[in-house]
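Enquirer: Have a look at the structure that comes next, please.
The values are calculated or read from the model by the stated rules, or taken from the named source; none is laboratory data. The structure displayed is predicted, hence computed values, not measured ones. Neighbour counts run over all protein chains shown; Cβ positions are idealised from the backbone, glycine included.
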Amino acid sequence: MAEIKNLVVMAKAIPSISPMHGELTCVAGINDREGWIRLYPVPTSLLGQSYFMKFDVIKVKVDEWKGRHPRLEDKFLVEYMGKIASIKDWDKRRDFLTKYLDPSVDAILSSGRSLGIVKPVILDFYQDLNGRCRYVFTDSSRKSHDLVCRDWEITGLLSKYPSDFGKVKQKFLNWMLSRDTYFVIGTTSDNLNKMVVAIHYPPRISIHS
């Protein structure tokens with residue numbers, strides 16, 4: 001049975017092509033009562049008609065997911081009903097991220113979820129042989145990870161500088177190291193492979209003596 005829910009948008013993944021539905025993306029967010037929800041399918045044309053960003057609050061009608069390989073958070077998007085608010089203040093964003101912070105990547109998966117937030121120590125950012133951007137990082141458990149990053153912002157910057165990865169790396173490595181960075185971790189549709197699906201980067205808190 002379809003239900004109407006409000007969702008704080010935490011991630012918009014890089015679009016992919018579906019033979020049946022055309023260009024689609026996956027949007028994930030948090031409902032204050034139910035926690036994480038993953039919306040699919042979200043046509044990219046919908047985003048063009050009613051653009052929303054991370055930390056916007058959107059209203060959606062959703063139903064139970066009936067596709068293959070259901071993950072705990074998966075919901076079928078019946079109707080997008082519009083953006084109703086936005087969390088713009090950096091301190092409020094940081095508080096929200098901290099509220100839903102997980103101890104580690106493994107802790108997310110062992111909880112039965114396929115979405116969560118970790119605080120990374122970023123070690124490297126590079127392109128693999130398939131042209132995919134990847135982060136090397138450790139989480140709070142000090143375990144090292146080397147994961148593909150599918151944040152939509154990276155795609156935009158790669159399109160702007162298709163032959164100059166240095167400019168992309170300047171932002172997503174050098175600049176990120178100066179921020180209070182959080183990663184949203186997700187899994188592929190078969191729930192087998194982990195990836196970074198979004199990056200959040202409040203400014204570091206200045207401590208004055």
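Enquirer: Answer yes if at least one residue in region 48-59 is in a strand (DSSP E or B), surrounded by fewer than 13 Cβ atoms within 10 Å (Cβ to Cβ), of a type outside the set (S, T, N, Q) and modelled with pLDDT under 90, and no otherwise. Let's see the steps before the verdict.
Expert: Taking region 48-59 first, the residues in a strand (DSSP E or B) are 56-59.
If we keep only those that are surrounded by fewer than 13 Cβ atoms within 10 Å (Cβ to Cβ) as well, we get none.
Within region 48-59 (the criterion being in a strand (DSSP E or B), surrounded by fewer than 13 Cβ atoms within 10 Å (Cβ to Cβ), of a type outside the set (S, T, N, Q) and modelled with pLDDT under 90), the answer is no, since none of the residues qualifies.
Enquirer: Where residues in region 60-72 are within 19 Å of the chain's Cα centre (by Cα) and more than 21 Å from Ala85 (Cα to Cα), which of them is modelled with the lowest pLDDT?
Expert: Pro70
Enquirer: May I pose another question? Would you tally the residues in region 100-126 being among the polar types (S, T, N, Q) and modelled with pLDDT of 95 or more? Reasoning before the result, please.
Expert: Step one: list which residues in region 100-126 are among the polar types (S, T, N, Q), which gives 104, 110-111, 114.
Remaining after also requiring modelled with pLDDT of 95 or more: 104.
Count: 1.
Enquirer: Looking at region 180-201, is at least one residue under 23 Å from Ile37 (Cβ atoms) and in contact with an Asp or Glu (Cβ under 6 Å, 6 or more places away or on another chain)?
Expert: Scanning region 180-201 turns up at least one residue that is under 23 Å from Ile37 (Cβ atoms) and in contact with an Asp or Glu (Cβ under 6 Å, 6 or more places away or on another chain).
Enquirer: Please find, among Lys75, Lys66, Lys59, the residue that is in contact with a Gly (Cβ under 7 Å, 6 or more places away or on another chain) and over 21 Å from His200 (Cα atoms). Working first, answer last.
Expert: Values: Lys75 fails: in contact with a Gly (Cβ under 7 Å, 6 or more places away or on another chain); Lys66 fails: in contact with a Gly (Cβ under 7 Å, 6 or more places away or on another chain).
From the options Lys75, Lys66, Lys59, the qualifying one is Lys59.
Enquirer: Sticking with this one: If you scan region 108-119, which residues turn out to be crowded, with 16+ Cβ neighbours inside 10 Å and within 21 Å of Arg38 (Cβ to Cβ)?
Expert: Going residue by residue through region 108-119, those that are crowded, with 16+ Cβ neighbours inside 10 Å are 108-109, 113-119.
Listed by number, the residues that qualify are Ile108, Leu109, Arg113, Ser114, Leu115, Gly116, Ile117, Val118.
Enquirer: Does region 152-165 contain any residue that is in contact (Cβ under 8 Å) with a residue 24 or more places away in the chain, touching a helix residue (DSSP H, G or I) at 6+ places or on another chain (Cβ under 9 Å) and assigned to a loop (DSSP other than H, G, I, E, B)?
Expert: Among the residues of region 152-165, not one is in contact (Cβ under 8 Å) with a residue 24 or more places away in the chain, touching a helix residue (DSSP H, G or I) at 6+ places or on another chain (Cβ under 9 Å) and assigned to a loop (DSSP other than H, G, I, E, B), which makes the answer no.
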